[in-house]
1. For segment A:1-36, which residues satisfy the criterion of being under 27 Å from residue A:470 (Cα atoms), out of contact with any Phe, Trp or Tyr (no Cβ under 6 Å at 6 or more places or on another chain) and in a loop (DSSP other than H, G, I, E, B)?
2. Given the conditions (1) crowded, with 20+ Cβ neighbours inside 10 Å; (2) in contact with a Ser or Thr (Cβ under 9 Å, 6 or more places away or on another chain), report the number of the one that residue B:123 does not fulfil.
3. Being surrounded by 24 or more Cβ atoms within 10 Å (Cβ to Cβ) and assigned to a helix (DSSP H, G or I) narrows it down to one of B:8, B:116, B:54, so name that one.
4. So if I check each of A:395, A:403, A:355, which one is hydrophobic (A, V, I, L, M, F, W, C) and either under 16 Å from residue A:334 (Cα atoms) or part of a helix (DSSP H, G or I) (or both)?
5. I want to confirm something. Restricting to segment B:335-346 and keeping residues that are touching a residue at least 60 places away in the same chain (Cβ under 8 Å) and charged (D, E, K, R), which single residue is farthest from residue A:127 (Cα to Cα)?
6. Go through the residues of segment A:492-508 one by one and say whether even a single one is closer than 17 Å to residue A:422 by Cα and touching a Ser or Thr at 6+ places or on another chain (Cβ under 7 Å).
7. How do the pairs read when you match residues in segment A:245-260 that are on the phi > 0 side of the Ramachandran plot with residues anywhere that are surrounded by fewer than 16 Cβ atoms within 10 Å (Cβ to Cβ), using Cβ under 9 Å and keeping only pairs 6 or more apart or on different chains?
Amino acid sequence: MTLPSRVYRDLEDIVGPENISDDPAVLDSYRYSLAHTAIHLGPYYDTFTPRGAAVLLPGTTQEVQAIVQLCNQHRIKFKASSTFWSAQGYPSEDDTLQLDMRRMDRILEIDEKNMFAVVEPGVIGATLQAEAMKVGLNAHLPGSGCSCSILATATSYFGSGPSNLYGGWQYDNLLGMEWVLPTGDLFRTGSLGSNCGWFCGEGPGPSMKGAARGFLGAKGAMGVHTKCAVKLFAWPGPQTLPVEGIVPAYRTPLPRNFRAYTVAFPTWKAWADAAYLIWETGIGYLAHRQYVMFGRDLKFAMVKILTDPTKTLGDLEEILEDPQVQRVTEESKRDFQIVLAGMTPRDIEWQEAAFDQILARTGGWKVEAMNEPEINQWMLLYLIRLGHKNLNLVFGGSYDGAFGLVGVPDYGTSHAEEAAEFKKTWEQRGAVVQAGGDCMMGPIGGMGGGGTCLWENFTCFDPHDRESTDGTREFFDACTQLGLERGWGVGMEKWNAQARGPDGRTTPKTERDRIHLSSPQPAAFRYQHKIREALNPNNLGDAYYETLED
Amino acid sequence: MALEDFAAEMDRCSQCSYCKWIPFDQVKSWRFAKNCPSVSYFNFNSYSARGRYAVARSLLRGESECSETVRKIAFTCMTCGSCDVSCKICRYNLEPLGMVRELKFKLVEDGHGLEAHRALVAALHSEQEPSDRPRRSRGDWADGLDVLRPPTEKAEVLFHAGCRASFNKDAQPTARAAVQLLRKAGVEVGILGDEESCCGGRLYSMGFRDEFLRLARSNMAAWAEAGVKTVITSCADGYHAFKHLYPPLGSQVEVLHTVEVLDRLIREGGLTLRSAVPMTVTYHDPCHLGRQGEPYVPWKGVEKKIKGQIVVYEPKRPRHNGAWGVYDSPRNVLRSIPGLELVEMERTREYSWCCGAGGGVREAYPEFSEWTASERIAEAKACGAQALVSACPWCERNFRDALAARGEGMQIFDIVDLVAKAI
């Protein structure tokens, strides 16, 4: 669609001519390839999200309000995104205005005493963390990595990551919020709504966190979140990370009050027992089953490549032939990575002793070769900053998660091996990377429920290769089928299927209704429908805010 | 290569936006975390490497046309290569810098080049140089210096002054100082004078591949006639052109930047720095000496897949990600100057912020170029430096011009100038 010139001019008046474009090439740089990774519904070869009607770069809340009010006046859909991770940030319907929130990128406040930060949408994890560390604090970073918007992960998704153990899931960390409602009205939630500051998400003031976020986060479908406060956490490390090494094998020396380990276990039960004990004991700062995202068979070889700046993927096959690599790979089948951080020397001593006891009780061990200083220092930096998160995409450019088992440790571990074996058989068909089946990556010990884990079986493929994308989609369909048969439910490979169809556009309503009606609690989506009717009467968002009519 | 050869990369770009930031492990503050001048200034995705991949794909598929906006998107890239370093933190099978160069080549070949750039090329054809001065005066800067003058004399070691030093009086004292330092250390050098051609590097980065080839062949022929085995230059652009762009054309001469030679001479005792230069300085890594100053490694091969879908190359493809650029030599030289304190900016070495002079941006988008330089100056001031030191006359001019335009003050030096003070 070409916007009517009058509307374009009105929008131009709001943001300035340098901050709006409807040039087709610019619009095409705001389309997402569903052959790449759609998190999580595809992939679909050579399919893109729809081309927007225009892209705008608002610079203030007032500009956002004016844009949204104009959209209401002309019934134009809009979609805001901050850092554009995955298809969710892009329009799923034709003739949508894309709001790129990049210009609103200020850290407005770091309240050291009350341990929170106030940020605009464009603030990414890396910059907030760097600034927080200067005052002895740290930000919880989402698993999507430090390139992603902190506001988006708090308001619009669930924000799981390695620091779940210490910092919770990011939706827990959302405090006061400034929200341009889909009508253009400005709404302030939590304590902010009572002019009491940003410190609380619930009150004194309107407790609208649940309504604003909706199921799994609003994903840019219900107005525009223009500012929010998030909790920060104690950081007992240096004010600036001292980085050594040659690109890309950067590493940071372990502070004396830090320990970093890769550990492994003889059985999945022992693995789960250790996860419970870590949770119950209250130790640990970061914990993730991280390296396995490369695959059980490839992870140590990949770590060898990534910690040596002279190596490339072209060295992989040769490294895999190394008997030492094969031995370590076998030794570390059921592993995870953990960072302990002591607030005092006594604290780290106690944590280390407790961790050793946990290993002794569960039969676990520290994987010696993975705990060599160069690897350990690389891992420490990796987990703290999450600045290499896009190694997800290292092999061919695309990945997506299959299964996505979320629950207490026993739940995932009960099914991990079966899911891994299932994937391994599919890997042999050639469409996805042959990684050893088990690529079940995720956090250890999120808050609530005794320490939840998330098991996402990374599936890597080549978006430029039709056989690869088609084969991956067949595999995902098979995963869904297996998940339903085994009672695990629909996996994360289809999590967004109700919102976005294979053509990159919104799934037809009849299909969405069918999916929502078959969910465990359809009432949740009926409730969200009422909210949308009240707050978004012209329905100018998209189906990522999931609704079900009575 | 052709733009079509990057079609697979256009699909394989993960759209992750790492190309917009310095390597995240190195982020020390909110203020100095960005890496790409063009997306930092213009803000649309299109002005980043990921956006340029998308724009190029759109053009190749015929889904958009070469509008004025598309030209701006392509030609506001300074080809500084910062995106390339950040992309390759996680990727081994993308070459975003190579892709944007091809995009520029294609636009120029299709007649969509910029008028400001075409004027430079026209000047070269009419025996003028980019600075609009007659070529016959190219060697005047060295009048009175004890240098060999090929082709009448053979010169195994050649000092290539480059366009800036040849034609701009403000840069000539540095070139003269460089030659004098080399002579003092007993290095016999020659200059080509009016037989020297522009290195072509800047034209290459503007998209004029054929013009670059013409100039490169001219220089290589002159070197061969003069018996040149080693070329020394004080210009980062020239260094990159000779080190990286000439070898695929058959050049086999050793290429050294002045800072490498000075570093070696100081370490080996050929030069002794005795006079104190009491000053706190910071060093700006020129893009073409730092991250793009890596040795050239020839490669000819094909893509293949292992483990089903892992994209690798047969034979193994060399990796250029800024790891092996020239970073230590200039710092060694600065640290050897008595009384001088070297402090680092937040963005340094392979993730340095560009000076803003590259890729033809200075010529076509002066306001943006000036802003880019001013960002670097702000960073230099923030680290407590009294002076900003570099090793490229183009960087130094852009910094000086930005300071003048904004009425700001900061001393700008070439390393050679400081060594000359200390000798």
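1. Passing the criteria: A:29, A:30, A:36.
2. Result: residue B:123 fails condition (1) only.
3. After ruling out the rest, the residue left standing is B:54.
4. Answer to the check: A:355.
5. So the residue we want is B:341.
6. yes
7. If the second residue must be surrounded by fewer than 16 Cβ atoms within 10 Å (Cβ to Cβ), the pairs left are A:245/A:374.
Residue-by-condition table, conditions (1) modelled with pLDDT of 95 or more; (2) more than 21 Å from the chain's Cα centre (by Cα); (3) not in a loop (DSSP other than H, G, I, E, B):
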| position | (1), (2), (3) |
| --- | --- |
| A:43 | no, no, no |
| A:63 | yes, yes, yes |
| A:66 | yes, yes, yes |
| A:72 | yes, yes, yes |
| A:88 | no, no, yes |
| A:99 | yes, no, yes |
| A:109 | yes, yes, yes |
| A:121 | yes, no, no |
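The values are calculated or read from the model by the stated rules, or taken from the named source; none is laboratory data. The model shown is predicted, which means the values in this text are computed figures rather than measured ones. FYI the Cβ positions are ideal-geometry reconstructions off the backbone, even for glycines, and counts take in every protein chain you see.
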